[in-house]
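Note sheet for the following structure.
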There are 2 protein chains.
Amino acid sequence: MENKPNEDEKEFLDELEDNLHNAIDASDEKQVEEIVESISNQEALRQASRMNADDRDQMMTIISPESAADMLEEAPSGLAADMLENLDSNVAAKIMDELHSDTQADIINEIDRESGEAILLAMEPQIAQEVRKLSQYEPDTAGGLMELGAFSFHNNETVGAVLRRLASDDDQFDRYRGQHPYILDETDKLVGVISLRSLLRSKRSIKLAEVMQDVTSVSVDTSQDELTILFDKNNFLGVPVTDHQGYLMGVVSRIEHAEAELERSEQQSLSRQQIGDELRSMPLWQRAKRRLSWLSSNIVLNIIAASVIASYESTLTAVIAIAIFLPMVSDMSGCSGNQAVGVSMRELSLGLTRPTDIFHVLRKELGVGIINGFILGILIGLVVWFWKDNGYLGIVIGLALSLNTLIAVSIGGTVPLILKHFGIDPAVASGPLLTTVTDMAGFFLVLSLATFFMPQLIA
Amino acid sequence: MENKPNEDEKEFLDELEDNLHNAIDASDEKQVEEIVESISNQEALRQASRMNADDRDQMMTIISPESAADMLEEAPSGLAADMLENLDSNVAAKIMDELHSDTQADIINEIDRESGEAILLAMEPQIAQEVRKLSQYEPDTAGGLMELGAFSFHNNETVGAVLRRLASDDDQFDRYRGQHPYILDETDKLVGVISLRSLLRSKRSIKLAEVMQDVTSVSVDTSQDELTILFDKNNFLGVPVTDHQGYLMGVVSRIEHAEAELERSEQQSLSRQQIGDELRSMPLWQRAKRRLSWLSSNIVLNIIAASVIASYESTLTAVIAIAIFLPMVSDMSGCSGNQAVGVSMRELSLGLTRPTDIFHVLRKELGVGIINGFILGILIGLVVWFWKDNGYLGIVIGLALSLNTLIAVSIGGTVPLILKHFGIDPAVASGPLLTTVTDMAGFFLVLSLATFFMPQLIA
């Protein structure tokens, strides 16, 4: 996280890369494991993502499954899947066995079907069964976010039994840090929870059924958004997840949820460029193809915008200087519109604006649009006037920018609300829609105003 | 969080707004409190942000300090500061007393100095003193992120004392959920921590000094990034924060840290539009002014790019059709460049790329640039050829787009790394820098190639 890496660091990293490469080439298991152990999991992952595929597979095979798993826990699930896919399925299975259950399911969902099936067959049967179960749930539901299993007791057990378990050396317990014990009835359905305070206050011989409290739980289908509301309203460190019959499946911790929110927010800001989950460690053709699919649809939008210019060719021929200012007007209004998009996205994510607030937003944006359009129009008008020594040209460009700023902020402010209303992700679609409209409107305004003022412009 | 609010919801919200407005106008305390209690804190905040300032101040004064505080805990600190600033300082102080200590400090840092001082003087002296202390720390340090106070005991107290405290009805305890008890020596310095397991296993008469374990702590100056590494490496639910003398000041919980990371990620994606923390509830002039400051610097960048076009006016006059395709080439390469920026931002945030990796990134981007530049160039070349019935014009535009795509991905991929190397936030500065360069390069390539092929173009 250093902002200013110095030469020493670069040297250290280069040397590390060489040493690791040589150790892998020499199949020196001990040396490779030592190097990987000596650096952070993130740095190990960075090294792995820079290697060629053979070296990487070789490294993953040589190091201990625990070290490999630590590295994969840090990786986005797409990268983790790539790193396992081509390994021997027994090697991959040993690594998978060491991962958290939610990471396992995420990876299985990303891996190609055949390799995934081979790995699952080679894994410990019980773990594999759990992974199959978990991987059915959508990643943005309680089922997809939960860690399987919970710290649970039956309601006919005693307070003493729970305290003994808490005091024991049971390794399992570490997984449940911070969880309250959940209580199940004789048919294994979730019926309550018990606080540490109640445990410490009650006689050890008392049955849990007598001291347990009501519990708030969610179903495997509960969405990430509903969980957000639940965690906002309550102080829970975690919430138990049940299946449709009411059996306890696992727990979504507040932390897991917060991390999923962080990932989603980063994903959204990236999806604007339509790069998906690209990393430079992916194959060249795949990276080029993905980026192209968005770029080539962009060609169509650009052709539509350009056709506006084409229809005014005679005006352009008469006043060639207009060509200089066309990109300027469309670019400047695009920026104004994107600012309005940004404010709407922020207010949507804070819950301060709802899709029904279109007219409220429009009114607020028009205020800013009138002020900024007026000021920007005068500024650019003056620039054009002095640059081209033509006052009427200044009026044409300035007026066009003023009006187009107004259009841009109105569209920019409301489009995210409209898209959200129709269930389309506004983070992805707002930008391209806005740019095409502001381009077309900008070109149209400049060229039609120029046509109107033609006598004065060429005087 | 509904994606498709229906008419019923809109009606309900409109009615709510009217009822709330009428109750506030009538100063009907009971009714206002009832309405606010009946809706979520987020909805209450949304209503408050839509009212005029007088109604809002009136509402904040009427409702209980607890309800007002619940609402402010949901608000970004800038909005919370606005909502308190103009209240009677006694009213504001009562609300402040109810907030979490880290929220209090964030708000005091946002509020204007004079109102802030008046509110602090009216608050409970002990709380006010804590706020003054906390507000000295930068928000992205352990000091700024911590909640003051911790669940702590002296090393000469007994295991029994801790268990009694855990079993007591002490309200304070709720604040410390999930925290392990921290142990201080006789001079109040942090010396250890004790797990629940050790507590339950030890005799009640044993001194804490004998059973405590070593504790990992951070200093008030520890940065958010260092905390990220710490929480990544360890399973801690929270980490204690000490001042420079080693006295325990408070605790940063893993959750608090994850939420701060989420906020920072959202902030970064917004800072690209330079809208800062704008909400539409802010005064019109302030909103217009902030947006303008970025737009007007953008004018300068645009003028520089436009001057490239201006210097080729004779070429434009000869082949007016070029004006149609100028914005297209610059826009398309801008998109390609932004994709490369997006991948670099993602890899930087995942730790897969470091500022020293410039040549690695450049090599990877050139691969994509060559493929996509080639394909896009041919596509657009064909479009131009058939549209304008001029093969040479197709070659000029296609070649310009190919070359400019190569330039755009090279710059887009490396600029974030270079900015980060110099300690500049790449999320903010990459976009404008990239756009200006790709615009200029695009205009230059199209026009200089057109000049070169002029004899064929006008044949």
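Tabulated values for the structure
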quantity: Condition broken by B:R287, with the remaining ones in (1) modelled with pLDDT of 90 or more; (2) within 36 Å of the chain's Cα centre (by Cα); (3) facing chain A (nearest Cβ under 9 Å) satisfied; calculated: (1)
quantity: Answer residue from region A:243-284, given it is modelled with pLDDT of 85 or more and polar (S, T, N, Q) and is farthest from A:I229 (Cα to Cα) among those; calculated: A:Q245
quantity: Number of positions in region B:143-166 that are in a strand (DSSP E or B) and among the aliphatic types (A, V, I, L, M); calculated: 1
quantity: Qualifying residues in region A:407-421 (those that are in contact with a Gly (Cβ under 7 Å, 6 or more places away or on another chain) and small (G, A, S)) - the one nearest to A:L376 (Cα to Cα); calculated: A:A408
quantity: Region B:68-78, subset over 22 Å from A:V343 (Cβ atoms) and within 14 Å of chain A (Cβ to nearest Cβ), residue surrounded by the fewest Cβ atoms within 10 Å (Cβ to Cβ); calculated: B:E73
quantity: Count - residues of region A:351-373 that are more than 7 Å from chain B (Cβ to nearest Cβ), charged (D, E, K, R) and closer than 15 Å to B:E278 by Cα; calculated: 1
quantity: Tally, over region A:229-242, of residues that are at pLDDT below 85 and part of a helix (DSSP H, G or I); calculated: 4
quantity: Tally, over region A:175-189, of residues that are under 33 Å from the mean Cα position of the chain (by Cα) and more than 14 Å from chain B (Cβ to nearest Cβ); calculated: 1
quantity: The listed residue being of a type in the set (A, V, I, L, M), in contact (Cβ under 8 Å) with a residue 40 or more places away in the chain and more than 7 Å from every other protein chain (Cβ to nearest Cβ), out of B:L348, B:L376; calculated: B:L348
quantity: Residues within region A:39-66 that are more than 14 Å from chain B (Cβ to nearest Cβ) and of a type in the set (S, T, N, Q), tallied; calculated: 3
quantity: Residue identified as more than 12 Å from every other protein chain (Cβ to nearest Cβ) and more than 40 Å from the chain's Cα centre (by Cα) among A:I395, A:I411; calculated: A:I395
quantity: Output for region B:235-256, where each listed residue is among the polar types (S, T, N, Q), within 14 Å of another protein chain (Cβ to nearest Cβ) and either under 20 Å from B:S152 (Cβ atoms) or surrounded by 16 or more Cβ atoms within 10 Å (Cβ to Cβ) (or both); calculated: B:S253
quantity: Filtered residue count, region A:27-84, keeping only those that are charged (D, E, K, R) and either outside any helix (DSSP H, G or I) or on the phi > 0 side of the Ramachandran plot (or both); calculated: 1
quantity: For A:W387: the one exception among (1) more than 7 Å from chain B (Cβ to nearest Cβ); (2) under 24 Å from B:A310 (Cα atoms); (3) touching a residue at least 12 places away in the same chain (Cβ under 8 Å); calculated: (3)
quantity: Complete set of residues in region A:429-459 that are of a type outside the set (A, V, I, L, M) and in contact with a helix residue (DSSP H, G or I) (Cβ under 6 Å, 6 or more places away or on another chain); calculated: A:S430, A:T435, A:T436, A:T438, A:D439, A:G442, A:F443, A:F444, A:T451, A:F453, A:Q456
quantity: Condition met for A:L295 (of a type in the set (A, V, I, L, M), within 7 Å of another protein chain (Cβ to nearest Cβ) and within 30 Å of B:M332 (Cα to Cα)); calculated: yes
quantity: Qualifying residue in region A:70-84 (condition: more than 22 Å from A:L279 (Cα to Cα) and either over 23 Å from the mean Cα position of the chain (by Cα) or touching a residue at least 12 places away in the same chain (Cβ under 8 Å) (or both)); calculated: no
quantity: Residue within region A:200-221 that is assigned to a helix (DSSP H, G or I), within 14 Å of chain B (Cβ to nearest Cβ) and not hydrophobic (A, V, I, L, M, F, W, C) present; calculated: yes
quantity: Options A:V319, A:V384; residue that is buried (at least 23 other Cβ atoms within 10 Å of the Cβ), on the phi < 0 side of the Ramachandran plot and either at pLDDT 90 or above or among the hydrophobic types (A, V, I, L, M, F, W, C) (or both); calculated: A:V384
quantity: Odd one out for A:K289 among (1) buried (at least 24 other Cβ atoms within 10 Å of the Cβ); (2) of a type outside the set (G, A, S); (3) within 30 Å of B:G377 (Cα to Cα); calculated: (1)
quantity: Residue ID - surrounded by the fewest Cβ atoms within 10 Å (Cβ to Cβ), chosen from residues in region A:417-459 that are in contact with a Pro (Cβ under 6 Å, 6 or more places away or on another chain) and at pLDDT 85 or above; calculated: A:H421
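The values are calculated or read from the model by the stated rules, or taken from the named source; none is laboratory data. None of the values given here were measured: they were computed from a predicted structure. Quick reminder, even Gly has a Cβ in these numbers, built from the backbone with ideal geometry, and neighbours come from all protein chains shown.
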